[in-house]
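Step one of this worksheet: look at the structure below.
The values are calculated or read from the model by the stated rules, or taken from the named source; none is laboratory data. Keep in mind it's a predicted model, so treat the numbers as computed, not measured. In this analysis, Cβ positions are derived from the backbone assuming ideal geometry, glycine residues included, and neighbour counts consider all displayed protein chains. We work out accessible area using only protein heavy atoms, side chains counted, and drop any ligands, DNA or RNA first. Shrake-Rupley method; radii C 1.70, N 1.55, O 1.52, S 1.80 Å.
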Amino acid sequence: MRLLLIEDDLILGNGVQAGLHGAGYAVDWVENAESGEHALNIESYELLILDLSLPGKDGLQLLHELRAAGNEMPVLILTARDAIADRVSGLDNGADDYLVKPFALDELNARLRALLRRRGGRATPCLRHAELELDPATHTLSLAGKAITLSAREFSVLQSLLENVGRVLSRSQLEESLYSWDETVESNAVEVHIHRLRKKLGKDLIKTLRGVGYLIEKINS
């Protein structure tokens, strides 16, 4: 999952970016609304984490403009503004959630998982496909009840494919979900992750459509 963080506090921004990287997210971080607008125009994100007290354009104004333009991406406000009126204003202007600083990284991660589940139309926390069960909260995977160990990248690739069962994801789409701006991407990185997943989970789970991408097929009922 690729997220955009708009936060002008350097210490907090570094901490949140590092913490979310550790949780398996690709995170692009900018420090003002104008840079955030540019990022949103050139990249595709699953979710926006937005501070309100930004230099220049206020975060609430940016949120209002995004919603007015029809952008339905989930937005989590992360701010020191803790008054009830501020929370009401943020939610009424289109935010999907509101978290007050200081906060625990575990709570931020839980709120992100809930928002991404809802965006995908999924109520249950785990992803299941045949005998596979993947839990994003605990970063665990089991196959027929047996625990399978995956690297962080392998886990992210599999999660993306399981969240899009029946849909083909191109190599570039998978790369964008795995790597943020400041990370170097090897030309065959996705192919390597797919190869390792097939060795651990069987060669038939992930299909390749040559020249198009990868998918996990739906199970016929």
How big is the accessible area of Leu209 in square angstrom, nearest 10, if you roll a 1.4 angstrom probe over the protein chains?
70 Å²
Checked region 10-126 against the a/c 1.5 cut and the a/b vs b/c comparison, axes a ≥ b ≥ c from its Cα gyration tensor; verdict rounded
Just to confirm the filter: which GluC sites (Glu not before Pro) across region 3-54 are DSSP coil and have at most 16 other Cβ within 10 angstrom of their Cβ?
Glu43
Cβ-Cβ FRET estimate between Cys126 and Gln61, R0 fixed at 30 Å, reported to 0.05
0.20
Summed side-chain charge close to Tyr45 - residues other than Tyr45 whose Cβ falls under 11 Å, Lys, Arg +1, Asp, Glu -1
-3
I need two numbers for region 88-134: Rg to one decimal and Dmax as a whole number, Cα atoms only, in Å.
13.9, 45
Computed over the Cα atoms, what is the radius of gyration of region 168-208 divided by 2.2 N^0.38 Å, N being its residue count?
1.24
Rounded to the nearest 0.05, FRET efficiency between Val192 and Asn164 (Cβ-Cβ, R0 22 Å) equals 0.65
The value for region 125-202 (convex hull of the alpha-carbon atoms, volume per residue, Å³) is 101 Å³
Percentage of interatomic Cα-Cα distances in region 1-61 larger than 17 Å:
33 percent
Probe 1.4 Å, all protein chains present, accessible-area order of Trp181, Trp29, largest first
Trp181, Trp29
Across 5 Å bins from the origin, how do the percents of Cα pairs in the chain run, short distances first?
1, 6, 14, 18, 18, 15, 11, 8, 5, 2, 0
